[in-house]
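Remarks on the structure that follows.
The values are calculated or read from the model by the stated rules, or taken from the named source; none is laboratory data. Here the structure is a predicted model, which means the values were calculated and not measured. Methodologically, a virtual Cβ is constructed for each residue, glycine included, from the backbone with ideal geometry; neighbour enumeration extends over all protein chains shown. Ligands, DNA and RNA are stripped out before the accessible areas are found, and what is left, the full protein with its side chains, is counted by its heavy atoms. Shrake-Rupley method; radii C 1.70, N 1.55, O 1.52, S 1.80 Å.
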Amino acid sequence: VNTRKSTARPTKDKMKRFASSSIRAASTARLPAAISTRFAAADAKPLVNQAAVLEKIKDIQVRDYPMPTVGDDDCLVEMKSVGICASDVHYWQHGRIGHFVMEKPMVLGHEAAGVIAKVGKNVKNVQVGDRVALEAGVPCRNCKTCNSGKYNLCPDMAFHATPPYNGSLARYVSHPGDYCFKLPDNMTLEEGALCEPLSVGVYACTEKAKVLPGESVAVFGAGPIGTICALVANGLGAKRIIACDILPDRLAFLQSLSPNIVTLDTKGLPADEVAEKIKALNDGELVDGSIDCVGFDSVITAAIKCTKNGGSVALVGMGPEMATIPLINAAIREVDLLGVFRYRNTYPTCIDLLSTKKVDLFPLVTHRFNFDQEGVLDAFETCRTGRDGAIKCMINIGAEPGAKL
């Protein structure tokens, strides 16, 4: 396991790592030499940065923004595709998520991919012109948690667009080189940006629910993350994925993505009945594992009761702080309840799943927007309302309107 124990960087550099970035359209083909030369000579002429800044609650401004500092271990990335996450929308509307409170203007965005425009002298894994996906969180690398390999739980994690750190919805971003992952030629930049939400599904399925080929899994919630978890389970070879939600349109869309996915409308059903119906859909057997992407008591209860003895329930959804669930039922059957917080060591697996087409996330990108004041506001409002069947909104910086990178 890669424990990310590279050279520590001073705390004062953390705020600089996330100052943010730019675009021009790039295809899945290798960049021409002329473009690489332009990037290599990026220092020869002034670069102008812009960023989508959350100035205060419900006030996003796309404005000029300082160019980020690039250290010896960092890369300057010209951003190309940035996806909008529900957390971005939540900060826009409320200015906080839990104890993460925005106390000053913050650049939004953390689902990001772009092209390397400059590399620090110590960076060896990528070079100018490479198309890369950016892992959004960078740990301190020195604490006990980091040294144990669980760097996603680092108490000093600097995560894009999580106060007090800036995000990646900008023209240029400075990012540590070892958290930039080169994309193969058959992957698009949008797929690179989708490695971030895909990472949650990969981590939940592989490390927590422990999905194996030929097994069955129940997924509760058919929103973007639930859908991704179901697609990852399918890509990992699960023989049957039972997806549960209360919205028929979401279930119909998810079922259309794979014949291995069956759906269950749980609206108005008590947890025990949900568990029984899942068992019936699995040939009368309890499922091997479950993934809760909702967080409500009733959902966790159903997940526990539909999971086999010795199975695992991955807790992805964030519900109320306190929950009433059947712990004794889980304890006497050794059903493990495993928390999921972000992800770790997932980007290579994400790139493999996407590049080999074991997972296809393009159907989830329902809307594309330009990187300007009107486009960014329209993207956030579309995500907030879910209008026109919106699932994932992508902002393509420097592309033609509606273009797919």
For this session: Of the numbered conditions (1) in contact with a Leu (Cβ under 8 Å, 6 or more places away or on another chain); (2) under 30 Å from residue 321 (Cβ atoms); (3) without any contact (Cβ under 8 Å) to a residue 60 or more places away in the chain, residue 56 fails exactly one; give the number of that condition.
Result: (1)
For this session: Filter the range 247-259 down to residues that are in contact with a strand residue (DSSP E or B) (Cβ under 7 Å, 6 or more places away or on another chain) and open to solvent by 60 Å² or more (accessible area, probe 1.4 Å), then give me how many there are.
Result: 2
For this session: Please state which of the following conditions residue 267 fails to meet, knowing it meets all the rest: (1) part of a helix (DSSP H, G or I); (2) surrounded by fewer than 18 Cβ atoms within 10 Å (Cβ to Cβ); (3) of a type outside the set (A, V, I, L, M, F, W, C).
Result: (1)
Problem set entry | Subset of the range 272-299 (residues that are within 23 Å of the chain's Cα centre (by Cα), open to solvent by less than 50 Å² (accessible area, probe 1.4 Å) and not β-branched (Val, Ile, Thr)) | 289, 290, 292, 293, 295
Seminar exercise, completed: The lone condition residue 117 fails out of (1) under 20 Å from the mean Cα position of the chain (by Cα); (2) in a strand (DSSP E or B); (3) not basic (Lys, Arg) is (1)
Problem set entry | Filter pass, residue 194 being in contact (Cβ under 8 Å) with a residue 24 or more places away in the chain and in contact with a Lys or Arg (Cβ under 7 Å, 6 or more places away or on another chain) | no
Exercise. Which of the residues belonging to the range 46-60 are surrounded by 15 or more Cβ atoms within 10 Å (Cβ to Cβ) and either under 23 Å from the mean Cα position of the chain (by Cα) or not in a loop (DSSP other than H, G, I, E, B) (or both)?
Worked result: 50, 51, 52, 53, 54, 60
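Conditions (1) over 19 Å from residue 91 (Cα atoms); (2) among the basic types (Lys, Arg); (3) in a helix (DSSP H, G or I), marked per residue:
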position	(1), (2), (3)
322	yes, no, no
325	yes, no, no
342	no, yes, no
351	yes, no, yes
359	yes, no, no
369	yes, no, no
377	no, no, yes
384	no, yes, yes
395	no, no, no
Exercise. Is there any pair with a first residue in the range 67-80 that is more than 14 Å from residue 396 (Cα to Cα) and a second that is open to solvent by less than 10 Å² (accessible area, probe 1.4 Å) and among the basic types (Lys, Arg) whose Cβ atoms are under 9 Å apart and which are 6 or more apart or on different chains, and what are they?
Worked result: 68/17; 69/17; 71/17; 74/17
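Looking at residue 274, is it at negative phi, among the aliphatic types (A, V, I, L, M), touching a residue at least 40 places away in the same chain (Cβ under 8 Å) and in contact with a Cys (Cβ under 9 Å, 6 or more places away or on another chain)? Before you say what the answer is, go through the steps one by one.
Working: at negative phi: yes; among the aliphatic types (A, V, I, L, M): yes; touching a residue at least 40 places away in the same chain (Cβ under 8 Å): no; in contact with a Cys (Cβ under 9 Å, 6 or more places away or on another chain): yes.
Answer is no for this residue.
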For this session: Among the candidates 243, 218, 193, 204, single out the residue that is within 17 Å of the chain's Cα centre (by Cα), at pLDDT 95 or above and closer than 21 Å to residue 299 by Cα.
Result: 204
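Test of understanding: among 272, 249, which residue is at pLDDT below 95 and in a helix (DSSP H, G or I)? Please lay out each step first, then the result.
Working: 272 fails: at pLDDT below 95.
Being at pLDDT below 95 and in a helix (DSSP H, G or I) holds for just one of 272, 249, which is 249.
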For this session: Among the residues of the range 188-217, write down those that are open to solvent by less than 10 Å² (accessible area, probe 1.4 Å), of a type in the set (A, V, I, L, M) and not in a loop (DSSP other than H, G, I, E, B).
Result: 189, 193, 194, 198, 202, 204, 217
For this session: Tell me which of these residue 227 doesn't satisfy, since it passes every other one: (1) touching a Ser or Thr at 6+ places or on another chain (Cβ under 9 Å); (2) within 20 Å of residue 390 (Cα to Cα).
Result: (1)
For this session: For the range 86-103, state whether one or more residues are out of contact with any strand residue (DSSP E or B) (no Cβ under 9 Å at 6 or more places or on another chain), open to solvent by 30 Å² or more (accessible area, probe 1.4 Å), of a type in the set (A, V, I, L, M, F, W, C) and not in a strand (DSSP E or B).
Result: yes
Exercise. What are the residues in the range 332-355 that are under 22 Å from residue 206 (Cα atoms) and more than 20 Å from the chain's Cα centre (by Cα), if any?
Worked result: 333, 334, 335, 336, 337
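Restricting to the range 55-78, count the residues that are of a type in the set (Asp, Glu) and either out of contact with any Lys or Arg (no Cβ under 9 Å at 6 or more places or on another chain) or within 22 Å of residue 377 (Cβ to Cβ) (or both). Even if it seems obvious, please write down each step before you answer.
Within the range 55-78, the subset of a type in the set (Asp, Glu) is 55, 59, 64, 72-74, 78.
Subset that is either out of contact with any Lys or Arg (no Cβ under 9 Å at 6 or more places or on another chain) or within 22 Å of residue 377 (Cβ to Cβ) (or both): 55, 59, 64.
Selection size over the range 55-78: 3.
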Exercise. Residues 165, 151: which one is of a type in the set (Ser, Thr, Tyr) and open to solvent by less than 10 Å² (accessible area, probe 1.4 Å)?
Worked result: 151
Exercise. Which members of the range 218-246 meet the condition of being buried (at least 20 other Cβ atoms within 10 Å of the Cβ), of a type outside the set (A, V, I, L, M, F, W, C) and out of contact with any strand residue (DSSP E or B) (no Cβ under 9 Å at 6 or more places or on another chain)?
Worked result: 235
Exercise. Could you give every pair whose Cβ atoms fall below 7 Å, whose first residue belongs to the range 317-344 and is under 28 Å from residue 198 (Cβ atoms) and without any contact (Cβ under 8 Å) to a residue 60 or more places away in the chain, and whose second residue is open to solvent by 50 Å² or more (accessible area, probe 1.4 Å) and aromatic (Phe, Trp, Tyr), counting only separations of at least 6 or pairs across chains?
Worked result: 319/296
